[in-house]
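For reference, the structure discussed in these notes is given below.
The values are calculated or read from the model by the stated rules, or taken from the named source; none is laboratory data. As the structure is a computational prediction, the values presented were derived from the model and not from experiment. All Cβ positions, glycine included, derive from the backbone under ideal geometry; neighbour counts span all protein chains shown. In case anyone asks, the SASA skips ligands and DNA or RNA and just uses the protein heavy atoms, side chains included. Shrake-Rupley method; radii C 1.70, N 1.55, O 1.52, S 1.80 Å.
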Amino acid sequence: MSTTYTLDTATSRANPTPAPMKRLTIPALRGRKVDGVTAEPIVVLTAYTARQAQLLDPHCDMLLVGDSLGQVIYGLPSSVPVTLEMMAAHGAAVVRGSYHSVVIIDMPFGSYEASPAQAFESASRLLKETGAAGVKLEGGAAMAETIAFLAARGIPVCGHVGLTPQAINMLGGYGPRGKDEAEAHKILEDARAVADAGCFAMVIEGVLEPVAAAITGAVPCPTIGIGASPRCDGQVLVTEDMLGLFERTPRFVKRYADIAATIGEAAADYAAEVRARSFPGDDQLYRSKK
């Protein structure tokens, strides 16, 4: 059976949206974990542009517009300088480029910590301007009140515990967390607080594997691991890391391609042909038919 494409739903000339197509929902993802067991793991990748979303969307359950775009797209030293305006612009692009995955947007540093009211203002702005399904925010027990406030007002929230990159200035580095019993206990209690507050899922980042496994077994909502455990209910990676676009990647990243080398080779071939005046050739030129 052939797929029908319509121009009015097309998101770009490269990849029009199949019609009809029903997007996954947050309740559907949340419902994958029943009695502590997730039969089908949740597949998550980051996305920052419409074209990237188009390529990833058929293979993912969730696309995360991460504040990691600060480093990946803008070359910033951390995610701390990322703004709401940046997140809104990239979030809208990813929503336009997808039709299947749930799209979640990171709330940037400084946009939600002051009070639940500030968080609601920031989150509602992101959802209005992008069409995304929900937001993600970092922090454990200290953010429980804010998560409950947002959830009670119709804003789905994904939590984030363990290594929290927005707090890098306090943490002093990106090393794994939960190395001693006290820290492991705190992360577990943070996860419980976030789950009890009503988050529909939570990211567990950069913690020792037994800690991540214990959290997954202790909370009712799905857990999404990154540098955590295969026993998490899903996994997420920064797409550019997974594709091999950077020379250096964290220990927990598996490279599924070496796109950096491919781009370098293509650019080198192009440069050589331009300098040799062999590009453009006849196939790339417009000539009069007369």
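If packing is taken as the average number of other Cβ atoms within 10 Å across a peptide's residues, how do 255-265, 22-32, 119-129 rank, most packed first?
Ranked from most to least packed, the peptides come out as 119-129, 22-32, 255-265.
At 222 nm, what helix-only mean residue ellipticity would the chain give, in deg cm²/dmol to the nearest 500, using -39500 (n - 2.57) for each DSSP H run of four or more?
Dividing the helical sum by the residues of the chain leaves -10500 deg cm²/dmol.
Alpha carbons only, please: Rg and Dmax for region 126-264, in angstrom.
When restricted to the Cα atoms of region 126-264, Rg and Dmax are 15.9, 49 Å.
Over the chain, calculate the relative contact order: mean separation of alpha carbon pairs under 8 Å at least 6 apart, over the residue count, as a percent.
15 percent.
Less than 18 Å from a label point 7 Å out along the Cα-to-Cβ axis of Ile168: which backbone N atoms in region 78-96 qualify, by residue?
Answer for this model: 78-84, 86-87.
Return the FRET efficiency for the residue pair Lys128, Phe252: r is the Cβ-Cβ distance, R0 is 41 Å, and the value is rounded to the nearest 0.05.
It comes to 0.75.
Where does the Debye-calculated log10 I(q)/I(0) of region 217-290 sit at q = 0.20, 0.21, 0.22 Å⁻¹, using only Cα point scatterers of equal weight, no solvent?
Rounded to two decimals, the profile gives -0.90, -0.94, -0.97.
So how do 205-214, 99-108 stack up, highest first, on mean other-Cβ count within 10 Å?
Highest to lowest by the protection proxy: 99-108, 205-214.
Let me know the volume per residue of the alpha-carbon convex hull for region 14-98, in Å³.
122
Let me check I've understood the local charge: for Ala261, count other residues with C-beta under 12 angstrom from its C-beta, Lys and Arg +1, Asp and Glu -1. What total comes out?
Net charge in that neighbourhood comes out at -2.
Quick one: angle between helix 181-197 and the longest Cα principal axis of the chain, in degrees between 0 and 90, rounded to 10, please.
With both axes taken from Cα atoms, the answer is about 80 degrees.
Compute the projected area of the convex hull of the Cα atoms of region 71-168, averaged over all viewing directions, and report it in nm² to one decimal place.
Taking a quarter of the hull surface, the average projection is 6.3 nm².
What Kirkwood Rh does region 49-89 have if only Cα atoms enter the pairwise 1/r average? Answer in Å.
11.2
Given Cα pairs under 8 Å that are at least 6 residues apart, what percent is the relative contact order of region 209-290?
Contact order relative to length: 16 percent.
Just the number please: accessible area per residue for the chain, 1.4 Å probe, all protein chains included, in Å².
Averaged over the residues of the chain, the accessible area is 52 Å².
Which FRET efficiency, nearest 0.05, do Glu265 and Glu145 yield, Cβ-Cβ r, R0 45 Å?
Given R0 = 45 Å and the Cβ-Cβ separation, E is 0.30.
Where does each of 147-154, 247-254, 194-201 land if you order them by average Cβ count within 10 Å, highest first?
Most protected by this proxy first, the peptides run 194-201, 147-154, 247-254.
With a 1.4 Å probe and every protein chain kept in, tell me what percent of the accessible surface of the chain is carbon plus sulfur.
Carbon and sulfur together cover 57 percent of it.
Subtract the Cα-Cα distance of Ala117 and Ala152 from 0.36 nm times their separation in residues, and report this length gain in nm to one decimal.
Between Ala117 and Ala152, full extension yields an extra 11.4 nm.
Which whole-percent values make up P(r) of the chain when all C-alpha to C-alpha distances are grouped in 5 Å steps starting at zero?
Binned Cα distances yield the sequence 1, 5, 11, 15, 17, 16, 13, 8, 5, 3, 3, 2, 1, 0, 0, 0, 0.
For His100, what charge total do you get from the other residues with a beta carbon under 9 Å from its beta carbon, if Lys and Arg give +1 and Asp and Glu give -1?
Spelling it out: positives minus negatives among the neighbours equals 0.
Write down the percent of antiparallel bridges among all DSSP beta bridges whose residues are both part of the chain, to the nearest 5.
Approximately 10 percent, going by the DSSP bridge assignments.
Suppose we keep just the DSSP beta bridges with both residues in region 125-247; what percent of those would be antiparallel, to 5?
Restricted to region 125-247, the bridges split so that about 5 percent are antiparallel.
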